[in-house]
Amino acid sequence: MARKGENIYKRKDGRWEGRYIRGYDVSGKAKQGYVYGRTYSEVKEKLTYLKANAKNDKIVVSSGMTLSKWLEKWIAQKGQIKASTLMIYKSRIKNHINPAIGRLKLKTLNKDILQQFIDDLAQKYKPSTVKGVYALLKSALESAEEKNLVSGFYQSIKLPKSRSSQVKALSKDEQKALENVIRQRNDPNDIGVLISLYTGIRIGELCALQWQNVNLDKGVIYIRETLQRIENENSDSKTKINFAEPKSLSSHREIPLPKFLIELLIPLQHNEGFVINRNGKFIEPRTYTRRFKKLLKLAGLPDMGYHCTRHTFATRALEIGVDPKTLSEILGHSSVGITLNLYAHSLEEHKKKEIERLGNLFDKQSD
């Protein structure tokens with residue numbers, strides 16, 4: 001009988017036998033290795049040595065499996081994945097990885113091939129796209145390395161540097177023009193744009209917002225869901241609407257509402273249903289985006305994506321002195337660093353204005 005948890009057995013011939021995993025076959029099944037000795041202690045010492053050196057002396061099994069096949073198996077083995085995340089994974093595999101290197105066998109992959117793939121991708125797409133594709137590949141190849149199907153060649157790949165880009169936000173005059181159009185139209189569903197401009201919530205979060213998550217007595221909204229259109233694999237329709245939890249744990253948040261917005265929402269309040277709705281049913285993001293673009297046109301403003309409302313909220317908040325930590329929590333960022341990186345330009349302008357205020361103090365003292 002083996003000693004508990006050690007895989008060491010005494011054989012009928014009197015010797016001791018130890019078993020360990022020396023690798024995996026192409027299906028991921030463990031391949032056993034064996035060591036022998038005259039005593040239990042001798043075998044245990046040999047097994048301890050093998051386990052201690054396993055990371056430095058891996059036996060990479062020669063795998064005839066293609067990268068595309070491995071990616072398919074890897075996704076299937078990941079268990080529960082958010083539908084939106086799964087859609088992103090499959091899109092990256094289908095559109096970027098498989099056409100270029102998916103046909104290659106795992107045993108033929110190496111650093112040069114992967115680096116060339118990343119370099120070629122960087123010529124066509126922005127750095128964030130390239131990094132997203134590499135992140136997926138790295139995770140999949142890490143899993144393959146754990147099964148000794150590949151080595152760690154993927155670790156030292158050089159990625160393109162991110163290009164800093166200033167976020168697009170409405171100016172104060174543009175925001176005022178847009179709000180004037182909303183006021184003149186007096187359409188209940190236009191209030192969604194005002195909610196976005198004064199809370200910074202994403203369009204998916206807005207379209208999923210239900211009255212049960214609005215507390216006008218406390219003057220807050222609770223972000224608990226997001227609405228997305230995702231790929232539909234098991235139906236004749238190409239896409240479907242999906243309700244899911246927000247993109248990260250930090251995206252679950254409570255956001256205070258300004259007094260004017262509470263007053264506008266009170267007459268519209270219901271016990272249930274969606275805040276932005278059509279005959280009681282939700283309005284999906286792309287439909288609401290068309291409404292937003294119509295409002296921009298009526299206000300005589302240039303065409304912009306709906307996400308500019310979120311950037312506008314953050315920019316205005318920084319302009320009036322909201323600290324980055326508080327802003328980060330309201331926006332649902334996982335760290336204040338994300339907020340600082342996104343809105344560095346606005347922060348610089350704010351700092352300049354604050355310094356000018358200090359300068360004005362000096363002028364007054366010299367009078």
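The values are calculated or read from the model by the stated rules, or taken from the named source; none is laboratory data. Remember, it's a predicted structure, so these values are computed and weren't measured experimentally. Note that we place each Cβ from the backbone using ideal geometry, even for glycine, and neighbour counts take in every protein chain shown. Only protein heavy atoms, including side chains, enter the accessible area calculation; ligands, DNA and RNA are left aside. Shrake-Rupley method; radii C 1.70, N 1.55, O 1.52, S 1.80 Å.
Looking at the structure I just gave you, is LYS105 of a type in the set (D, E, K, R) and either open to solvent by 70 Å² or more (accessible area, probe 1.4 Å) or at positive phi (or both)?
Working: of a type in the set (D, E, K, R): yes; either open to solvent by 70 Å² or more (accessible area, probe 1.4 Å) or at positive phi (or both): yes.
For LYS105, the condition - of a type in the set (D, E, K, R) and either open to solvent by 70 Å² or more (accessible area, probe 1.4 Å) or at positive phi (or both) - is met.
On the given criteria, is VAL181 buried (at least 18 other Cβ atoms within 10 Å of the Cβ), more than 26 Å from LEU327 (Cα to Cα) and modelled with pLDDT of 95 or more?
Numbers: buried (at least 18 other Cβ atoms within 10 Å of the Cβ): yes; more than 26 Å from LEU327 (Cα to Cα): yes; modelled with pLDDT of 95 or more: yes.
Against the criterion (buried (at least 18 other Cβ atoms within 10 Å of the Cβ), more than 26 Å from LEU327 (Cα to Cα) and modelled with pLDDT of 95 or more), VAL181 qualifies.
Here's a check for you: in segment 321-367, which residue that is touching a His at 6+ places or on another chain (Cβ under 9 Å) and hydrophobic (A, V, I, L, M, F, W, C) is modelled with the lowest pLDDT?
Residue satisfying both the conditions and the ranking: LEU342.
Please go through segment 286-308 and give me each residue that is under 24 Å from the mean Cα position of the chain (by Cα) and open to solvent by 20 Å² or more (accessible area, probe 1.4 Å), ordered by number. Please lay out each step first, then the result.
Taking segment 286-308 first, the residues under 24 Å from the mean Cα position of the chain (by Cα) are 286-289, 304-308.
Correct list: ARG286, THR287, THR289, MET304, GLY305, HIS307.
Does segment 161-184 include one or more residues that are farther than 27 Å from LEU318 by Cβ, in a helix (DSSP H, G or I) and touching a residue at least 24 places away in the same chain (Cβ under 8 Å)?
no
Pull up segment 185-217, narrow it to residues that are within 21 Å of THR315 (Cα to Cα) and charged (D, E, K, R), then point me to the one that is surrounded by the most Cβ atoms within 10 Å (Cβ to Cβ).
Initial filter on segment 185-217 (within 21 Å of THR315 (Cα to Cα)): 191-206.
Remaining after also requiring charged (D, E, K, R): 202, 205.
Working: ARG202: 22, GLU205: 27.
The qualifying residue surrounded by the most Cβ atoms within 10 Å (Cβ to Cβ) is GLU205.
Of the residues that make up segment 260-281, is at least one touching a strand residue (DSSP E or B) at 6+ places or on another chain (Cβ under 8 Å), over 17 Å from TRP211 (Cα atoms), open to solvent by less than 70 Å² (accessible area, probe 1.4 Å) and modelled with pLDDT under 95? Full working, then the answer.
In the first step, residues of segment 260-281 are kept if they are touching a strand residue (DSSP E or B) at 6+ places or on another chain (Cβ under 8 Å); the result is 265, 269, 272-276, 280-281.
Retained after the next criterion (residues that are over 17 Å from TRP211 (Cα atoms)): none.
Checked against the condition, which is being touching a strand residue (DSSP E or B) at 6+ places or on another chain (Cβ under 8 Å), over 17 Å from TRP211 (Cα atoms), open to solvent by less than 70 Å² (accessible area, probe 1.4 Å) and modelled with pLDDT under 95, segment 260-281 yields no hits at all.
Taking segment 133-160, which residues are open to solvent by less than 10 Å² (accessible area, probe 1.4 Å) and either within 19 Å of the chain's Cα centre (by Cα) or closer than 30 Å to ALA314 by Cβ (or both)? Steps first, please.
Step one: list which residues in segment 133-160 are open to solvent by less than 10 Å² (accessible area, probe 1.4 Å), which gives 133, 136-137, 140-141, 144, 149-150, 154.
Selection gives VAL133, LEU136, LEU137, ALA140.
ILE88 - would you say it is modelled with pLDDT of 90 or more, in a helix (DSSP H, G or I) and open to solvent by 40 Å² or more (accessible area, probe 1.4 Å)? Can you show your working first?
Numbers: modelled with pLDDT of 90 or more: no; in a helix (DSSP H, G or I): yes; open to solvent by 40 Å² or more (accessible area, probe 1.4 Å): yes.
So ILE88 does not fit the description; no.
Please state which of the following conditions LYS78 fails to meet, knowing it meets all the rest: (1) surrounded by 15 or more Cβ atoms within 10 Å (Cβ to Cβ); (2) among the charged types (D, E, K, R); (3) in contact with a helix residue (DSSP H, G or I) (Cβ under 9 Å, 6 or more places away or on another chain); (4) at pLDDT below 90.
Failed condition: (1).
Taking interchain pairs and intrachain pairs at least six residues apart, which have beta carbon atoms under 7 angstrom, with the first residue in segment 75-98 and charged (D, E, K, R) and the second part of a helix (DSSP H, G or I) and surrounded by 15 or more Cβ atoms within 10 Å (Cβ to Cβ)?
ARG92/GLY132; ARG92/VAL133; ARG92/LEU136
Test of understanding: among LEU227, LEU206, which residue is at pLDDT 95 or above and either touching a Gly at 6+ places or on another chain (Cβ under 7 Å) or in a strand (DSSP E or B) (or both)? Even if it seems obvious, please write down each step before you answer.
Working: LEU227 fails: at pLDDT 95 or above.
Unique residue meeting the criteria: LEU206.
So that you can scan it fast, the table gives a plain yes or no per residue for (1) in a helix (DSSP H, G or I); (2) farther than 30 Å from GLN228 by Cα:
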residue	(1), (2)
GLN80	no, no
LYS94	yes, no
ILE97	yes, no
LYS107	yes, yes
LEU114	yes, yes
LEU121	yes, no
VAL130	yes, no
